[in-house]
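These notes concern the structure reproduced below.
The values are calculated or read from the model by the stated rules, or taken from the named source; none is laboratory data. None of the values given here were measured: they were computed from a predicted structure. A quick note on method: Cβ atoms are made from the backbone with ideal geometry, for glycine too, and the neighbour counts reach across all protein chains shown. Ligands, DNA and RNA are excluded from the accessible area calculation, which covers all protein heavy atoms including side chains. Shrake-Rupley method; radii C 1.70, N 1.55, O 1.52, S 1.80 Å.
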Amino acid sequence: MTKDPIITLRPSQLAVFRMDIGMMAFLWRRQLGKSFTLGNIALDWMMESVCDVIFASAAVRLGQENIRKEAEVWRIVTTALRKAAAARNGKLTTNADDDKGELLDVDAIADLFEHQKLETRFWHNRTQSSRSLVVAPNPDTAVGWTGHVILDEVGRIPNFREVYEAMEPIISSQSNFRIRMATTPPPDDTHYSYELLCPPAGAEFEPNEKGNFYETEAGLLVHRADAEDGHLGGVPLYDLKTRQPLTPAEHRAKAIDRQAWDRNYGLAFLQGGSAALSNIALHRAQEAGKNEGLAINITDTLTV
């Protein structure tokens, strides 16, 4: 008799769960389960070997409501993963437990999260444990990280270019460390995640319940799962009034802000920041015109 899994992952989540690549990003539609997947990946790394996993989320910088939402997700994930750890004869502990070993309420966990005191440990034996830590997403903190790194909502981390520069050497110097980033396309096309994650020019993606992979011009592997992919994988969309299920096309047709829909569900990289041209567009133009220019040496001054 086959037992039901303690944790059930969707096809798009399974596609990335145990990939060994050093660094990759998840470009996923809203509410596809980014935080839940990252929590599962973190525990898998913690059970794999004695290590640290560093979590940094833009929620720390986005206000109390976002922090509380992260805390709710963390509480659900931790409850499920504690069962998974026990099934592997391991033990999962956290400083968000009360005196009876039960998780605190969401507000208490949110307070730990906000003050960067949230810590979880997976015990391999009585003396050795892996741990996960929550830190603020800033360059000063990043340069001190040692271990695996998980970055959530990178498209909304204000100084992401500096954070990325600080964290990249971590996996360049040690072969066993990995980095995972997750986001939707950023609202501002001048944000560094736009340049880092934008698909190659002309890229097309067929709907697939497992999502699609592509490599950016910077050489970063990205797993992409939009509303069409999620729909095939059983992730619903509902009408805001009637609460009836809708197809992605129907959901977009009823959207008040279709540009926001295209970004959050269709994963479109839309221009609209303060720059006249994005860095990606300038780079493509430079590459296309390489060795095609004509130089004119003007030596005389013309007067009218």
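Do you know which residues across the stretch 113-139 are β-branched (Val, Ile, Thr) and crowded, with 17+ Cβ neighbours inside 10 Å?
Thr120, Val134, Val135
When you look at Pro158, is it open to solvent by less than 10 Å² (accessible area, probe 1.4 Å) and touching a residue at least 40 places away in the same chain (Cβ under 8 Å), yes or no?
No: the conditions fail for Pro158.
If a residue counts only when it is hydrophobic (A, V, I, L, M, F, W, C), at pLDDT 90 or above and open to solvent by 10 Å² or more (accessible area, probe 1.4 Å), which helices (runs of 4 or more DSSP H) contained entirely in the stretch 10-87 have at least 2 such residues?
Correct list: 11-17.
Residues of the stretch 198-213 being open to solvent by 50 Å² or more (accessible area, probe 1.4 Å), closer than 19 Å to Ala15 by Cβ and either of a type outside the set (Phe, Trp, Tyr) or in contact with a Phe, Trp or Tyr (Cβ under 8 Å, 6 or more places away or on another chain) (or both), which ones?
The answer is Glu204, Phe205, Glu206, Pro207, Asn208, Glu209, Lys210.
Being acidic (Asp, Glu) and open to solvent by 50 Å² or more (accessible area, probe 1.4 Å), is that true of even one residue in the stretch 260-268?
There is no residue in the stretch 260-268 that is acidic (Asp, Glu) and open to solvent by 50 Å² or more (accessible area, probe 1.4 Å).
Please name all residue pairs, on different chains or six or more residues apart, with Cβ atoms under 6 Å, provided the first residue is in the stretch 203-214 and is within 16 Å of Val16 (Cβ to Cβ) and the second residue is open to solvent by 60 Å² or more (accessible area, probe 1.4 Å).
Within 6 Å, the pairs are Glu209/Leu232.
Being under 19 Å from Leu43 (Cα atoms) and open to solvent by less than 70 Å² (accessible area, probe 1.4 Å) is the filter here, so list the residues in the stretch 102-112 that pass it.
Selection gives Leu103, Ile109.
Please give the helices (runs of 4 or more DSSP H) falling wholly within the stretch 213-301 in which 2 or more residues are under 26 Å from the mean Cα position of the chain (by Cα) and at pLDDT below 65.
Here the list reads 279-288.
For a quick check of your reading of the model, give me the residue pairs whose first member lies in the stretch 75-96 and is farther than 19 Å from Thr37 by Cβ and touching a residue at least 40 places away in the same chain (Cβ under 8 Å), whose second is open to solvent by less than 20 Å² (accessible area, probe 1.4 Å) and of a type outside the set (D, E, K, R), with beta-carbon atoms closer than 6 Å and at least 6 apart or on different chains.
Listed pairs, sorted by first residue: Gly90/Phe122.
Please enumerate the residues belonging to the stretch 180-210 that are within 18 Å of Val154 (Cβ to Cβ) and either modelled with pLDDT under 90 or part of a loop (DSSP other than H, G, I, E, B) (or both).
Those that are within 18 Å of Val154 (Cβ to Cβ) and either modelled with pLDDT under 90 or part of a loop (DSSP other than H, G, I, E, B) (or both): Thr184, Pro185, Pro186, Pro187, Asp188, Asp189, Thr190, His191, Cys198, Pro199.
Does Glu195 fit the bill of being touching a strand residue (DSSP E or B) at 6+ places or on another chain (Cβ under 7 Å), touching a residue at least 12 places away in the same chain (Cβ under 8 Å), open to solvent by 10 Å² or more (accessible area, probe 1.4 Å) and farther than 14 Å from His223 by Cα?
no
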